[in-house]
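To keep things clear, I will list the structure first and then write my remarks on it.
The values are calculated or read from the model by the stated rules, or taken from the named source; none is laboratory data. Bear in mind that the values here come from a model prediction, so they are computed numbers and not experimental data. In this analysis, Cβ positions are derived from the backbone assuming ideal geometry, glycine residues included, and neighbour counts consider all displayed protein chains.
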Amino acid sequence: MADSLSERLRRMGVVGAGGAGFPSEVKAASRVEYVLANGAECEPLIHKDAELMQHHPAEIVAGMRRMMEATGAQGGKFGIKAKNAEAIEAISKHLDASIEPVVLGDFYPSGDEYELVYLATGRLIPAGGIPLAVGCVVNNVETLYNVEVAAQGQAVTDKFLTICGAVKHAVTVRAPVGTSFRDLLPLAGGPTAPDFAIFISGLMMGTLTLDLDEVVTKTTGAIIVLPRDHYLVMRKERPLEAMHRIGKSACDQCSFCTEFCPRYLLGYDVQPHKVMRSLSFTLSGAELWNQSAQLCCNCGLCTLYACPEDLYPKEACDRAKGDLKAAGIKFTQQKPVRVHPMKDGRRVPLTQLRKRLKVEEYERDAPLIGDEVKPRSVRLKLLQHFGQAAVPVVQAGQRVKRGDTVARVPDGALGADIHSSIAGQVAKVAEGYVKIEA
């Protein structure tokens, strides 16, 4: 008896390639009306998805059709930005009447699943809910590519990512999972700044590292190099205590952070300016103000675009959500979700966002290059997905081929198996990773 698509995706280690790495097997096992392909790619400077859609449209659409068949969907919606004309042309050649293109503007964050579901179907996800609640599942285009690859019996061993920012030439590459950033930077000609830092997967929602031995995971979308003294690096390196202290002393409750919040404009009760009050009202009212953070999507617009005083509302929301969770408080929105009448007028164009972030000089094409990446070793993290870490099934000294399973998620647990991305020998099995040498 043939495996179901869901079972195949679990064994092949397919997870969301554009976000938190949610296991794709769960979505494939659901029943929905629509499957949505997310090709919005709205993080500044990143062009990985656009390149992937240009060069692998057949695989992406085939993976989407497999998801539609598995979920019983009556149709598909393919979200893609109008500015990516070459990608639209490539994808359109493989679409039929069952999949409708949804042309998006160049705004941030048009790739947020709440936003995409609304734009594609007119449906508003219930506050705190997931697309499944309105009959939809959303998959990043690289995830759909991996769905097709997995259906052909190939495990997820490679990751597409953009290398950009302060490098000689921006490029998109296909690299074995577990490859170090040190091995990848030469493909972009190396950094142009003598002292630099790296944003992983995004300036808005990504993380910052100074460690060149950090490695590619199944969710890495980009390596963005910036000079160490860049505005964004210095802001990101500020200690959380200092961020909250500055907010406590300087926030004048202008409410710009709320008025530009994409979730607030969709009708959800997310009000970062109220959350900022919790920094001051620590003895009375903090729990009340904190609840305005529960539905925050962490897009970062409030902190990096809207606040005229360069404060940190997003980080205040992060703290508030942690406090609510620790206190066992689950916020439930009382009022109906209704789209704000000024929503369209407050969309943030990418051109404006890049200027605000002071990265306009780094906006360049990042063509997919054919150079084969052959690292001498890879370090495969055991937790590079949402859920439970995979458990090693190999030992040091063991020979492995590319695609061999090196770690499995226990039966019944949420997660994804990990596979060797190169042929070689297991050099080390440690807590948190497996190292393989070519």
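Within segment 96-105, the presence of at least one residue that is of a type in the set (Asp, Glu), surrounded by fewer than 18 Cβ atoms within 10 Å (Cβ to Cβ) and closer than 29 Å to His340 by Cα is confirmed.
Of the candidates Glu372, Glu309, the single residue that is surrounded by fewer than 19 Cβ atoms within 10 Å (Cβ to Cβ) and within 23 Å of Phe160 (Cβ to Cβ) is Glu372.
Inside segment 68-95, can you point out the residues that are in a helix (DSSP H, G or I) and either surrounded by fewer than 14 Cβ atoms within 10 Å (Cβ to Cβ) or β-branched (Val, Ile, Thr) (or both)? Spell out how you get there, then give the answer.
Taking segment 68-95 as the starting set, the residues that turn out to be in a helix (DSSP H, G or I) are 68-71, 85-92.
Selection gives Glu69, Thr71, Ala85, Glu86, Ile88, Glu89, Ile91.
Of the residues that make up segment 25-36, is at least one among the basic types (Lys, Arg), surrounded by fewer than 19 Cβ atoms within 10 Å (Cβ to Cβ) and outside any loop (DSSP other than H, G, I, E, B)? No, segment 25-36 contains no residue that is among the basic types (Lys, Arg), surrounded by fewer than 19 Cβ atoms within 10 Å (Cβ to Cβ) and outside any loop (DSSP other than H, G, I, E, B).
Can you find a residue in segment 219-234 that is in a strand (DSSP E or B), within 29 Å of Gly387 (Cα to Cα) and touching a Phe, Trp or Tyr at 6+ places or on another chain (Cβ under 7 Å)?
Our first condition is that a residue be in a strand (DSSP E or B); within segment 219-234, this holds for 222-227.
If we keep only those that are within 29 Å of Gly387 (Cα to Cα) as well, we get 222-224.
Pick out the ones that are also touching a Phe, Trp or Tyr at 6+ places or on another chain (Cβ under 7 Å) and you get 223-224.
The answer is yes; a qualifying residue exists.
Residues of segment 231-262 that are in contact with a Cys (Cβ under 9 Å, 6 or more places away or on another chain) and among the basic types (Lys, Arg): none at all. Taken as a whole, the structure places Ile125 among residues that are in contact with a helix residue (DSSP H, G or I) (Cβ under 6 Å, 6 or more places away or on another chain) and either hydroxyl-bearing (Ser, Thr, Tyr) or assigned by TED's automatic domain parsing to the domain that holds Thr71 (or both). Residues in segment 51-67: is at least one within 25 Å of Ile224 (Cα to Cα), in a loop (DSSP other than H, G, I, E, B) and not hydroxyl-bearing (Ser, Thr, Tyr)? Scanning segment 51-67 turns up at least one residue that is within 25 Å of Ile224 (Cα to Cα), in a loop (DSSP other than H, G, I, E, B) and not hydroxyl-bearing (Ser, Thr, Tyr). Restricting Leu232, Leu265, Leu208, Leu226 to residues that are more than 21 Å from the chain's Cα centre (by Cα), modelled with pLDDT of 95 or more and not charged (D, E, K, R) narrows the list to Leu265.
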